[in-house]
Every structure is written in C-alpha cells, then in structure tokens.
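Visitor: Quick one: the structure is below, questions incoming.
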Amino acid sequence: MVGKWFLINTKPRKEFQVENILRINLDKVEVYCPKYVKKDNVRAFFPNYLFIKIEDEKLFHTVKYTPGVRKIIGNGKGPVIVPEKIIYAIKNREEDGYVKVVRKNSGLRRGDKVKIEEGPFDGVEGIFQEELRDSERVKILVSLLLVETKKEYINKVK
C-alpha cells in the first residue's frame, strides 16, 4: 500500500478495539498495532497507541472520530509522519507476530555496554540499565518522532 504512516493515540486499553474497527471499516487504511506477550497475556507494545498507513488524508476525519480514538499525533502543522524505518525496525523485532522483548533474565546486566546493530539507531552505543516499562517505550517513541520531525523541518529550511 502506498501512503504514509501516522501515530494514533487511543483511549486507555482501546488499542485492539480501534485496530479492529479500522480494519473492518476502512479498507484503504493499513493498521499496525505492535503486540508482545507478558505473563501469557497479549499486550500492546505501545499502550494507548497504534500506527496507521493512510494514502488519502480525507480519511483522517473518519479515523479521528472512530470510537476509542483520542487523537492523531501531530504538531501545529498537522499530523506527524512516522518514518517507515521505525515501522520496519519494530516489525523486524517480531517473532510469530509479537515483538520480542529482552527480558531481565536475558543475560544483560545493569552497566553492560551494548551496541544497537539494526534499525533506526544502528551503530548507537550505550549502557544497559533495565527493561523498559510500557510507558517508557511510549516516551521514547514519541521523543523519536519529535526528533525526526525537527530533522525533517531543518532539512527543508536549508
């Protein structure tokens, strides 16, 4: 599908409901709600968020007023485009349809040096602290989108 990815903020614990409604009612919208398994329960990898790939911006109105949707993440200029590399990076971490999460017993310990070897942060080195809680993953995602948006704006200004 041709189009651009955007981030949707849902009401609490409505990600799967919104995902289903959009899939059923809007065949011109691709929906991606990354999931993972924790204690035998399927959970949204980014609580209260999911991605949509949309070609026709006229559909934003329909998406915005879908039951369970709070808003389409944007700035003063409109919805923020999610770079496709972020979607690919998340999908590349999936196994059997679920994002593989590094667990605390993975052998990594606080203070271990780590290097990211794929995805949008390829080559970045850091120090492992701990497994992220759901809300912390959301903060990183939104921060990354804001940085990408600023970079895109800076590139256009030059």
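The values are calculated or read from the model by the stated rules, or taken from the named source; none is laboratory data. This one's a predicted model, so the numbers in the text were calculated from it and none came from an experiment. Using ideal geometry, Cβ is built from the backbone for each residue, glycine included, and neighbour counts are taken over all protein chains shown.
Visitor: Against the definition (within 18 Å of V2 (Cβ to Cβ), surrounded by 15 or more Cβ atoms within 10 Å (Cβ to Cβ) and in contact with a strand residue (DSSP E or B) (Cβ under 8 Å, 6 or more places away or on another chain)), how does V101 come out, yes or no?
Guide: When the stated conditions are applied, V101 does not pass them.
Visitor: Let me ask something else about it. Name every residue in region 39-60 that is under 18 Å from the mean Cα position of the chain (by Cα), under 22 Å from R93 (Cβ atoms) and not in a loop (DSSP other than H, G, I, E, B), in order of residue number.
Guide: Within region 39-60, V42, R43, A44, Y49, L50, F51, I52, K53 meet the criteria.
Visitor: Here's a follow-up. Kindly evaluate T149 against the criterion of being surrounded by 11 or more Cβ atoms within 10 Å (Cβ to Cβ), hydroxyl-bearing (S, T, Y), at negative phi and at pLDDT 70 or above.
Guide: no
Visitor: Another one. Identify all residues within region 1-38 that are modelled with pLDDT under 90 and in a loop (DSSP other than H, G, I, E, B); write none if there are none.
Guide: Once the filter is applied, which keeps residues that are modelled with pLDDT under 90 and in a loop (DSSP other than H, G, I, E, B), region 1-38 yields M1, V2, D27, K28.
Visitor: Also: Examine region 19-33 for a residue that is of a type in the set (D, E, K, R), on the phi < 0 side of the Ramachandran plot and surrounded by 17 or more Cβ atoms within 10 Å (Cβ to Cβ), and state whether such a residue exists.
Guide: yes
Visitor: What are the residue pairs meeting all of these: first residue in region 68-93, first residue in contact (Cβ under 8 Å) with a residue 60 or more places away in the chain, second residue among the acidic types (D, E) and surrounded by fewer than 17 Cβ atoms within 10 Å (Cβ to Cβ), Cβ atoms under 9 Å, and 6 or more apart or on different chains?
Guide: P79/E57; I81/E152; P83/E152
Visitor: State all residues of region 30-43 that are among the hydrophobic types (A, V, I, L, M, F, W, C) and touching a residue at least 60 places away in the same chain (Cβ under 8 Å); if no residue qualifies, say none. Quick ask: steps written out before the conclusion?
Guide: Here is the first cut: in region 30-43, the residues among the hydrophobic types (A, V, I, L, M, F, W, C) are 31, 33, 37, 42.
Within region 30-43, just V37 meets the criteria.
Visitor: Here's a follow-up. What about L26, is it free of Cβ contacts under 8 Å to residues at least 60 places away in the same chain, within 14 Å of K53 (Cα to Cα) and not charged (D, E, K, R)?
Guide: Against the criterion (free of Cβ contacts under 8 Å to residues at least 60 places away in the same chain, within 14 Å of K53 (Cα to Cα) and not charged (D, E, K, R)), L26 qualifies.
Visitor: Could you check region 68-93 and list, in sequence order, the residues that are surrounded by 13 or more Cβ atoms within 10 Å (Cβ to Cβ) and either in a strand (DSSP E or B) or touching a Ser or Thr at 6+ places or on another chain (Cβ under 7 Å) (or both)?
Guide: G68, V69, R70, I72, G74, P79, V80, I81, V82
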